[in-house]
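The values are calculated or read from the model by the stated rules, or taken from the named source; none is laboratory data. Note that the coordinates shown come from a computational prediction; the quantities given were computed from them, not determined experimentally. Positions of Cβ are generated from backbone atoms using ideal geometry, with glycine treated the same way; all protein chains shown enter the neighbour counts. Each accessible area value is taken on the protein alone, full model and side chains, heavy atoms only, with ligands, DNA and RNA left out. Shrake-Rupley method; radii C 1.70, N 1.55, O 1.52, S 1.80 Å.
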Amino acid sequence: MRFLRTLLGAAALLATGLTAASAQTIKIGSKNFTEQFIVAELYGAALEAAGFKVERKINLGGTLVAHEALKSGAIDLYPEYTGTGLNAVMKAQGVTETDPEKVRGMVKAFYEKEFNLTWLKPSNINNGYAIVVRPETAKEFNLKTLSDLGKASSKLRLGAGTEFVDRRDGIKGLKEVYGAEFAEFKQFAALRLRYEALNQKQIEVANGFSTDWQIAADKFVALDDDKALFPPYFLAPVVRPEIAANEKIVGILEKVGAALDNPTMQELNRQVEVDKKEPRTVAAAFLKAKGLVN
């Protein structure tokens with residue numbers, strides 16, 4: 001009888017644990033572009049498959065909007081890039097560190113001290129800035145590196161996103177490190193508009209990201225950052241402490257990250273932007289194909 005009571009008690013505790021896990025709602029956010037939508041959906045679907053309830057808050061806005069949402073508790077986690085944490089949140093002006101682990105360590109320590117937030121293990125995605133030009137522009141001005149671009153910049157028009165204006169790893173850094181001063185600057189909030197402007201010859205230079213499917217598809221030339229202006233931009237979940245304390249959640253998120261790299265992300269981005277599939281559909285198919293969900 002004592003054994004039976006012990007067995008029933010253990011079963012009750014297990015059931016309670018399972019119920020608590022399934023009852024916990026995890027609020028997942030994202031910033032305002034395709035890759036973020038997909039990665040947030042990957043996190044969400046993987047957690048749902050493990051029995052967690054998920055509330056999605058996709059397309060919150062730019063970096064600082066998502067960051068404030070995380071700080072306030074409006075969301076519990078979102079995907080972020082180490083270089084963005086360094087430059088947009090820490091505002092680490094003048095930092096030239098390019099070692100991925102050192103950059104992650106700096107950002108992680110800062111977030112933990114200043115915000116009581118932390119970074120989990122990064123994925124294999126390093127989605128740093130890519131400065132791209134059309135093949136004919138590269139040939140005409142002999143552009144292979146950003147040093148080459150600096151010399152020719154006064155004859156070229158640059159198109160970039162809103163955050164590129166004020167960040168050191170943006171227009172300021174291009175001027176400081178490479179002496180680049182462009183003939184004209186045009187701002188495009190949406191990434192696709194930059195590539196459309198480049199194709200339509202409204203600009204000669206654009207800032208994109210290493211996982212953009214357009215670079216390979218349109219045979220754009222990504223210029224070499226020969227003086228290491230851009231820090232590494234490894235993608236990782238930034239989370240609230242209660243998420244970091246849950247080993248099951250952490251394990252799920254890190255398994256998703258381990259399955260991702262730049263070529264994979266380029267293809268997932270392409271499926272959404274070219275094939276017009278929904279991010280949630282693309283995420284679900286990928287997780288199933290990788291055996292991460294049933």
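Taking the range 182-192 as the range and being more than 16 Å from residue 170 (Cβ to Cβ), among the hydrophobic types (A, V, I, L, M, F, W, C) and at pLDDT below 95 as the test, only 190 passes.
For residue 173, state whether it is touching a Leu at 6+ places or on another chain (Cβ under 7 Å) and either without any contact (Cβ under 8 Å) to a residue 60 or more places away in the chain or basic (Lys, Arg) (or both). Judged against the criteria, residue 173 is a match.
Going by the conditions given, is residue 176 farther than 30 Å from residue 38 by Cα and in contact with a Lys or Arg (Cβ under 8 Å, 6 or more places away or on another chain)? Lay out the reasoning, then the answer.
Working: farther than 30 Å from residue 38 by Cα: yes; in contact with a Lys or Arg (Cβ under 8 Å, 6 or more places away or on another chain): yes.
For residue 176, the condition - farther than 30 Å from residue 38 by Cα and in contact with a Lys or Arg (Cβ under 8 Å, 6 or more places away or on another chain) - is met.
Examine the range 73-96 for a residue that is in contact with an Asp or Glu (Cβ under 6 Å, 6 or more places away or on another chain), open to solvent by 10 Å² or more (accessible area, probe 1.4 Å) and among the charged types (D, E, K, R), and state whether such a residue exists. Checked the range 73-96: no residue is in contact with an Asp or Glu (Cβ under 6 Å, 6 or more places away or on another chain), open to solvent by 10 Å² or more (accessible area, probe 1.4 Å) and among the charged types (D, E, K, R).
Please tell me if residue 266 is at pLDDT below 95, of a type in the set (S, T, N, Q) and assigned to a helix (DSSP H, G or I). It is true that residue 266 is at pLDDT below 95, of a type in the set (S, T, N, Q) and assigned to a helix (DSSP H, G or I). Does residue 160 fit the bill of being among the small types (Gly, Ala, Ser) and free of Cβ contacts under 8 Å to residues at least 24 places away in the same chain? Considered against the rule, which asks whether it is among the small types (Gly, Ala, Ser) and free of Cβ contacts under 8 Å to residues at least 24 places away in the same chain, residue 160 comes out as no.
For the range 66-174, the helices (runs of 4 or more DSSP H) that sit wholly inside it and include 1 or more residues that are within 14 Å of the chain's Cα centre (by Cα) are 100-115.
Of the residues contained in the range 24-47, one or more are found to be touching a residue at least 40 places away in the same chain (Cβ under 8 Å), open to solvent by less than 20 Å² (accessible area, probe 1.4 Å) and basic (Lys, Arg).
Give the range 128-147 a look and list any residue that's basic (Lys, Arg) and within 20 Å of residue 212 (Cα to Cα), or say none.
Quick first cut of the range 128-147, residues basic (Lys, Arg) only: 134, 139, 144.
Answer for the range 128-147, where residues must be basic (Lys, Arg) and within 20 Å of residue 212 (Cα to Cα): 134, 144.
Of the residues making up the range 237-257, just one is outside any helix (DSSP H, G or I) and surrounded by fewer than 14 Cβ atoms within 10 Å (Cβ to Cβ), namely 245.
When the residues of the range 259-278 are narrowed to those that are of a type in the set (A, V, I, L, M, F, W, C) and within 14 Å of the chain's Cα centre (by Cα), which ends up surrounded by the fewest Cβ atoms within 10 Å (Cβ to Cβ)? Spell out the reasoning first.
Looking only at the range 259-278, we keep the residues that are of a type in the set (A, V, I, L, M, F, W, C), and these are 259-260, 265, 268, 272, 274.
Narrowing the set further to residues that are within 14 Å of the chain's Cα centre (by Cα) leaves 260, 265, 268.
On the way: 260: 22, 265: 25, 268: 25.
Within the range 259-278, the match that is surrounded by the fewest Cβ atoms within 10 Å (Cβ to Cβ) is 260.
Hey, among the residues in the range 100-130 that are out of contact with any Phe, Trp or Tyr (no Cβ under 9 Å at 6 or more places or on another chain) and not charged (D, E, K, R), which one's surrounded by the fewest Cβ atoms within 10 Å (Cβ to Cβ)? Checking each candidate, the answer is 116.
Within the range 198-228, take every residue that is of a type in the set (Val, Ile, Thr) and open to solvent by 10 Å² or more (accessible area, probe 1.4 Å) and give me the one that is modelled with the highest pLDDT. If you could, list the steps in order and put the result at the bottom.
Step one: filter the range 198-228 for residues of a type in the set (Val, Ile, Thr), giving 203, 205, 211, 215, 221.
If we keep only those that are open to solvent by 10 Å² or more (accessible area, probe 1.4 Å) too, we end up with 215, 221.
Working: 215: 92, 221: 96.
In this case the residue turns out to be 221.
In the range 17-60, the residue that is modelled with the lowest pLDDT out of those that are of a type in the set (Ser, Thr, Tyr) and either within 20 Å of residue 127 (Cα to Cα) or out of contact with any strand residue (DSSP E or B) (no Cβ under 8 Å at 6 or more places or on another chain) (or both) is 19.
Restricting the first member to the range 265-285 and to residues that are basic (Lys, Arg), and the second to residues that are buried (at least 22 other Cβ atoms within 10 Å of the Cβ) and in a helix (DSSP H, G or I), the beta-carbon pairs closer than 7 Å and six or more apart or on different chains are 280/41.
For residue 63, state whether it is open to solvent by 10 Å² or more (accessible area, probe 1.4 Å) and either modelled with pLDDT under 50 or of a type in the set (Val, Ile, Thr) (or both). No, not satisfied.
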